[in-house]
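A short worksheet on the structure shown next.
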Amino acid sequence: MGGTIVVTGATSGLGLAVVEQLKMAGFQPVLTGRNRDKVDSLATDLAVPGYQLDVADAGSITRVSAQIVAELGPVDGLINNAGIWLEGDFETYTAEQIQQVLDTNTTGTILTTHAFLPDMLARRRGTIINTVSTGALYCRKLISVYSASKWAIRGFTGCMEVECAPKGVRVMGFYPGKIDTSMYDTAGVGRDLNIAMSPEQGAEMVVTMLRSEGMVWSQVSGRSIADYQ
Ligand SMILES: NC(=O)c1ccc[n+]([C@@H]2O[C@H](COP(=O)([O-])OP(=O)(O)OC[C@H]3O[C@@H](n4cnc5c(N)ncnc54)[C@H](OP(=O)(O)O)[C@@H]3O)[C@@H](O)[C@H]2O)c1
């Protein structure tokens, strides 16, 4: 068991828990995030390689993906996890907020995949897991743009799953409901997270999807029972 696994948005929440559990499972996780200070301090604490990678910046993706491969060698796995929340009536959003959500959640996932996939295809080996959301499985009011950003990734993931599996590369989607992280706080939104997936539980699912080579886990999900009311 092993391999070099790049995790985006790994400076908190699910991404950080994935890095921690990958390390315990014998992988070589690569911790990346948009904030250099957080990346440096967490990478030092966890004794893993860390890189500042802003997925909303196409230049950062091109530059840093090349640097990771040059310094660490071939990448066996990519966890596209970076994401931001936006909630409220659609007409209250600014154009900048809309663009930021799409740049981060959608274009960021697609361009990061574009950067790492060719080498995986050439080696006929690799795994890409996209953190999607139950927000891409059904429609709810007040999350139109977040939902659009994730529905796009649901479509992208499904198409890439069938396109890449015959070429030896697994592309899979993880569809959590609420996770007890700071995502809502960061977006300035209050949320009751008493009954929610913990980041560690989510990370266990991601690591299970990753380590079971030969298995394509399609649309793995998990929701709080409270969300069915
Ligand atoms: N929490 C939930 O209920 C929930 C439910 C379903 C799906 N998800 C998805 O799960 C993923 C992880 O979210 P989380 O819950 O763990 O939230 P989180 O704790 O806020 O983590 C999000 C991470 O993404 C990073 N990030 C944001 N913009 C970035 C950018 N442009 N480039 C690189 N990194 C960036 C954040 O960096 P900073 O530390 O600098 O802010 C942070 O490390 C997201 O894709 C989210 O949409 C979350």
Checklist outcome for this item: Among residues of segment 171-201 being farther than 19 Å from Gln219 by Cα and among the aliphatic types (A, V, I, L, M), the residue nearest to the chain's Cα centre (by Cα) is Met183
Item to check | Candidate set: segment 174-204, residues that are of a type in the set (A, V, I, L, M, F, W, C) and part of a loop (DSSP other than H, G, I, E, B); chosen: the one surrounded by the most Cβ atoms within 10 Å (Cβ to Cβ) | outcome: Ala196
Item to check | Hits in segment 197-218 (condition: within 13 Å of the ligand (Cβ to nearest atom) and within 30 Å of Arg124 (Cβ to Cβ)) | outcome: Gly202, Ala203, Met205, Val206
Checklist entry - Out of all the residues in segment 183-196, is one or more in contact (Cβ under 8 Å) with a residue 40 or more places away in the chain, within 11 Å of the ligand (Cβ to nearest atom) and under 23 Å from Lys23 (Cα atoms)? => result no
Checklist entry - Of the residues Val207, Val171, which is assigned to a helix (DSSP H, G or I) and surrounded by 13 or more Cβ atoms within 10 Å (Cβ to Cβ)? => result Val207
Checklist entry - Which residue pairs have Cβ atoms closer than 7 Å, lie 6 or more positions apart in sequence or on different chains, and pair a first residue in segment 87-112 that is farther than 13 Å from Tyr146 by Cα with a second residue that is modelled with pLDDT under 95? => result none
Item to check | Close pairs from segment 33-51: first touching a residue at least 12 places away in the same chain (Cβ under 8 Å), partner in a strand (DSSP E or B) and among the β-branched types (Val, Ile, Thr), Cβ under 8 Å, at least 6 apart | outcome: Val39/Thr32; Val48/Val30; Pro49/Val30; Gly50/Val30; Gly50/Thr32; Tyr51/Val30; Tyr51/Thr32
Next on the checklist: If a residue must be part of a helix (DSSP H, G or I) and under 22 Å from Lys167 (Cβ atoms), how many such residues does segment 110-144 contain?
Outcome noted: 14
Next on the checklist: Name the single residue that is farthest from the chain's Cα centre (by Cα) among those in segment 47-62 being more than 10 Å from the ligand (Cβ to nearest atom) and within 23 Å of Leu16 (Cβ to Cβ).
Outcome noted: Ala47
Item to check | Looking only at segment 159-182, and only at residues there that are of a type in the set (Asp, Glu) and away from the ligand (no atom under 16 Å from the Cβ), the one that is nearest to Tyr228 (Cα to Cα) | outcome: Glu161
Checklist entry - Can you find a residue in segment 203-217 that is closer than 22 Å to Leu102 by Cβ and touching a Leu at 6+ places or on another chain (Cβ under 7 Å)? => result no
Item to check | Matching residues, segment 1-28, being closer than 17 Å to Thr127 by Cα and either away from the ligand (no atom under 14 Å from the Cβ) or free of Cβ contacts under 8 Å to residues at least 24 places away in the same chain (or both) | outcome: Met1, Gly2, Gly3, Thr4, Ile5, Leu22, Lys23, Ala25, Gly26, Phe27, Gln28
Checklist entry - Any idea how many residues of segment 67-80 are surrounded by fewer than 22 Cβ atoms within 10 Å (Cβ to Cβ), touching a residue at least 24 places away in the same chain (Cβ under 8 Å) and among the small types (Gly, Ala, Ser)? => result 1
Next on the checklist: I'm trying to understand the selection: among the residues of segment 68-107, which are touching a Ser or Thr at 6+ places or on another chain (Cβ under 6 Å) and away from the ligand (no atom under 14 Å from the Cβ)?
Outcome noted: Leu72, Val75, Asp76, Gly77, Phe90
Item to check | Entirely in segment 3-109, the helices (runs of 4 or more DSSP H) that have 1 or more residues that are at pLDDT below 95 and of a type in the set (Phe, Trp, Tyr) | outcome: none
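The values are calculated or read from the model by the stated rules, or taken from the named source; none is laboratory data. Because the structure is predicted, anything quoted here is derived from the model rather than measured. No Cβ is skipped: glycine too gets one built from the backbone with ideal geometry, and neighbour counts run over all protein chains shown.
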